[in-house]
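Chemist: What follows is a structure written as structure tokens; I'll ask about it next.
The numbers here are math on the coordinates, done by the rules we state, and not lab data. Since we're looking at a predicted model, the values are computed, not measured. Glycine gets a Cβ as well: all are built from the backbone with ideal geometry, and neighbour counts include every protein chain shown.
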Amino acid sequence: MFGKIRKAFGNFAEDVVRESHAWKIQCTSCGRQRSLASVGGIRYGGFGTSYTLGMCSQCGGFRMLRIYKPEKPPASPSA
């Protein structure tokens, strides 16, 4: 049965984990940031920036936290 599920969904779980690690969560007060997955968050197929209310482990306060995906640096032109 699990083989059929694995065949139907492929590596979906690995894709979700990989993409969640690419997203960052940042305190809007002190600027501390971590990957979303490292704090237990999951984000897959999303876009844009969102905000949530939570505790910052550095400030120690209840703050607005920004969830965003850093833009990839522009590719350097090849000579």
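Chemist: Regarding segment 22-70, what is the average projected area of its C-alpha convex hull, in nm²?
Modeler: Numbers: hull surface 12.3 nm².
That works out to 3.1 nm², a quarter of the Cα hull's surface.
Chemist: Roughly speaking, what is the stretch gain from Lys24 to Thr52, that is 0.36 nm per residue apart minus the C-alpha to C-alpha distance, in nm to one decimal?
Modeler: Working: separation 28, 0.36 × 28 = 10.08 nm, distance 1.25 nm.
Roughly 8.8 nm would be gained on extension.
Chemist: How much FRET efficiency would the formula 1/(1 + (r/R0)^6) give for Phe62 and Ser38, where r is the Cβ-Cβ distance and R0 is 25 Å, rounded to 0.05? Don't skip to the end; give the middle numbers.
Modeler: On the way: r = 20 Å, r/R0 = 0.80.
After rounding, the FRET efficiency stands at 0.80.
Chemist: When Arg32, Arg43 are ordered from fewest to most other Cβ atoms inside 10 Å of their Cβ, what list results?
Modeler: Numbers: Arg32 14, Arg43 19.
The fewest-first ordering by Cβ neighbours comes to Arg32, Arg43.
Chemist: Let me ask another. For a quick check: with amide H placed at 1.01 Å from N, whose amide H comes under 5 Å from Arg43's, ignoring anything fewer than 5 positions away on the same chain?
Modeler: Those qualifying (amide H under 5 Å, at least 5 residues apart or on another chain) are Ser20.
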